[in-house]
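Trainee: One structure coming up, written as structure tokens, with questions to follow.
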Amino acid sequence: MKLSVWVTRNCNMNCSYCYEDGVERCDVPIEEDVYIKKCIEFINSTCHRTSSKKLFLKFFGGEPLLKYPFIKKFVREINEKVSSEIRVFYSITTNGTLMNDEIIDWFKENRVECALSIDGSERVYSINRHYKNGDSSWNTIDALIPKLVDKGLKLSARATYNSKTADSLYESVTYLVDRGFTILKVVPDYFDLNWSPDIIPILKKQIEQIYHLESTYPALQINLDDDNLFIGRKGCAGGYSMFSLDRNGDIYPCTYVVDNSSFVIGNIFDTCDIPLRYTDGSNLQRPSCIGCRYYKCCKSAECLYGNYMMSGTFEDVNEFFCSYRKILYEMKEMLL
């Protein structure tokens with residue numbers, strides 16, 4: 001079972017590509033002990049009903065470390081009260097600006113996998129990532145990286161790029177590798193409205209260089225959103241064994257649709273036994289994709305909530321998504 005817990009909607013930064021860009025959020029007040037108790041009931045019930053023996057629990061935001069004391073309490077209660085039959089794996093995606101030695105040590109002690117949002121070198125990073133007053137947060141992150149690497153955390157770099165930084169993608173990846181990251185999740189901002197056809201051949205060259213780099217260093221793991229390319233799933237486990245839990249207790253099938261009330265499938269304060277169902281895409285036609293060589297295996301048949309975010313429907317994607325997926329397929333075919 002995969003569960004993303006939105007511990008806060010607030011953030012101390014204002015990154016230009018953020019899905020919350022320009023939106024001021026106020027967290028719903030909650031009774032933390034009751035919230036955690038209900039969440040554990042939901043976890044135990046759903047893992048039992050789906051025969052899940054593993055729980056992948058991600059702390060999400062906003063900037064989740066704004067609620068660090070709550071996260072500590074949450075993990076302590078999970079460790080004590082989730083069924084002993086369930087093995088729990090913790091992770092967090094953070095901008096890193098609030099991290100200190102205490103938090104780093106706690107992450108290591110509790111085996112929390114840390115995904116640090118960092119887009120590359122200072123030049124690339126500062127294009128999109130900055131505090132709310134407009135200042136870059138680079139100096140804080142630059143000093144943090146060696147601490148994280150030296151502590152031996154379960155660590156990865158989460159690098160997001162958009163139309164402004166795509167031409168520096170290979171530079172960004174090599175910089176992160178040189179700084180000690182061996183696991184990288186490098187993904188485009190699919191929702192950037194400024195992607196143009198002129199950028200596609202530039203991006204293709206960048207990705208070709210990254211694949212070559214990865215083949216040179218076997219220990220390097222670079223995910224370009226290119227895992228399971230040729231499997232061809234129809235829909236996903238969202239609503240069955242994958243959920244996002246909002247701060248008010250609402251349960252969603254995917255992080256992409258959190259805040260859209262039409263996708264709420266239950267609330268932990270009402271019941272822990274929600275109706276379980278897969279997100280089934282087997283009957284979707286995707287008319288704009290018919291005739292494409294990769295129609296049967298494209299992610300547009302799997303990530304239906306991503307489709308919805310891009311186009312407002314489960315059946316359509318935007319032009320950039322289509323172009324990018326074709327780059328990945330073509331590159332992979334060359335390497336086979």
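Trainee: Does residue 283 satisfy the condition of being more than 30 Å from residue 40 (Cα to Cα) and surrounded by 14 or more Cβ atoms within 10 Å (Cβ to Cβ)?
Mentor: Considered against the rule, which asks whether it is more than 30 Å from residue 40 (Cα to Cα) and surrounded by 14 or more Cβ atoms within 10 Å (Cβ to Cβ), residue 283 comes out as no.
Trainee: Based on what the data block shows, is residue 198 over 19 Å from residue 328 (Cα atoms), out of contact with any Ser or Thr (no Cβ under 7 Å at 6 or more places or on another chain) and surrounded by fewer than 18 Cβ atoms within 10 Å (Cβ to Cβ)?
Mentor: Judged against the criteria, residue 198 is not a match.
Trainee: Further question: From the residues in the range 171-185 that are touching a helix residue (DSSP H, G or I) at 6+ places or on another chain (Cβ under 7 Å) and surrounded by 18 or more Cβ atoms within 10 Å (Cβ to Cβ), which one is farthest from residue 207 (Cα to Cα)?
Mentor: Filtering the range 171-185 for residues that are touching a helix residue (DSSP H, G or I) at 6+ places or on another chain (Cβ under 7 Å) and surrounded by 18 or more Cβ atoms within 10 Å (Cβ to Cβ), the one farthest from residue 207 (Cα to Cα) comes out as 184.
Trainee: Here is a further query. Taking the range 165-176, which residues are among the hydrophobic types (A, V, I, L, M, F, W, C) and either farther than 21 Å from residue 104 by Cβ or assigned to a loop (DSSP other than H, G, I, E, B) (or both)?
Mentor: 166, 169, 173
Trainee: With 165, 160, 182 as the choices, which residue is in the same structural domain as residue 220 (by TED's automatic domain parsing) and closer than 19 Å to residue 216 by Cβ?
Mentor: Checking each option against the conditions leaves just 182.
Trainee: Tell me the residue from 326, 332 that is touching a Phe, Trp or Tyr at 6+ places or on another chain (Cβ under 8 Å), modelled with pLDDT of 95 or more, more than 30 Å from residue 59 (Cα to Cα) and outside any loop (DSSP other than H, G, I, E, B), please.
Mentor: The match here is 326.
Trainee: Name every residue in the range 188-205 that is assigned to a loop (DSSP other than H, G, I, E, B) and either acidic (Asp, Glu) or in contact (Cβ under 8 Å) with a residue 24 or more places away in the chain (or both), in order of residue number.
Mentor: Listed by number, the residues that qualify are 189, 190, 191, 192, 194, 195, 196, 197, 198.
Trainee: Got a sec? Which of 270, 259, 226 is assigned by TED's automatic domain parsing to the domain that holds residue 57, in contact with a Lys or Arg (Cβ under 8 Å, 6 or more places away or on another chain) and outside any strand (DSSP E or B)?
Mentor: The unique qualifying residue is 226.
Trainee: Here's something else I'd like to know. Can you tell me which residue is surrounded by the fewest Cβ atoms within 10 Å (Cβ to Cβ) among those in the range 260-278 that are of a type outside the set (Val, Ile, Thr) and under 13 Å from residue 305 (Cβ atoms)?
Mentor: Per the criteria, the residue is 262.
Trainee: Another question, then. Would you be able to say whether some residue in the range 282-290 is of a type in the set (Lys, Arg) and in contact (Cβ under 8 Å) with a residue 60 or more places away in the chain?
Mentor: Taking every residue of the range 282-290 in turn, none turns out to be of a type in the set (Lys, Arg) and in contact (Cβ under 8 Å) with a residue 60 or more places away in the chain.
Trainee: Checking the conditions here, which among 90, 131 is assigned by TED's automatic domain parsing to the domain that holds residue 163 and closer than 14 Å to residue 71 by Cα?
Mentor: Within the list 90, 131, the selection yields 90.
Trainee: Then there's this: So residue 275 fits all but one of (1) within 30 Å of residue 9 (Cα to Cα); (2) touching a strand residue (DSSP E or B) at 6+ places or on another chain (Cβ under 8 Å); (3) assigned to a helix (DSSP H, G or I); what number is the exception?
Mentor: Here residue 275 clears every test but (3).
Trainee: So, restricting to helices (runs of 4 or more DSSP H) that lie completely within the range 56-164, which ones have at least 1 residues that are within 20 Å of the chain's Cα centre (by Cα), of a type in the set (Phe, Trp, Tyr) and buried (at least 17 other Cβ atoms within 10 Å of the Cβ)?
Mentor: The qualifying helices (runs of 4 or more DSSP H) are 68-81, 101-109, 122-128.
The values are calculated or read from the model by the stated rules, or taken from the named source; none is laboratory data. Small disclaimer: the values here were computed from a predicted structure and weren't measured. No Cβ is skipped: glycine too gets one built from the backbone with ideal geometry, and neighbour counts run over all protein chains shown.
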